[in-house]
Amino acid sequence: MNVGDFVRQQRKRLGLTQKELADAAGVGLNFVYQLEKNKKTVQLDTTNQVLKALGYKVGVVRDFNPWVHPVATATSSDMTRDIN
């Protein structure tokens with residue numbers, strides 16, 4: 001599920017219009033519309049404001065890079081294995 005789909009689902013669950021959610025979050029109506037349509041131009045901090053207005057607390061990792069694979073952690077058996 002995308003963030004926009006989640007926001008739409010939660011907004012409807014709470015019985016809010018897009019305008020009511022925008023007002024509660026302190027963002028523009030157009031932003032809520034774009035967010036719910038999963039537009040790629042929405043800003044993370046503003047998205048966080050909308051999620052907070054829906055009652056969710058969101059933590060953000062600032063250096064997130066999904067294109068870099070995490071470094072595997074070596075186990076003790078890996079360290080004792082002969083590399084040759």
Report whether or not residue 33 is modelled with pLDDT of 90 or more and in contact with a helix residue (DSSP H, G or I) (Cβ under 9 Å, 6 or more places away or on another chain). yes
Would you check if residue 84 is modelled with pLDDT of 90 or more and among the polar types (S, T, N, Q)? no
Being surrounded by fewer than 10 Cβ atoms within 10 Å (Cβ to Cβ) and modelled with pLDDT of 75 or more is the filter here; which residues of region 38-72 pass it? 45, 55, 57
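The values are calculated or read from the model by the stated rules, or taken from the named source; none is laboratory data. Bear in mind that the values here come from a model prediction, so they are computed numbers and not experimental data. Cβ atoms come from the backbone with ideal geometry, glycine included; neighbour counts cover every protein chain shown.
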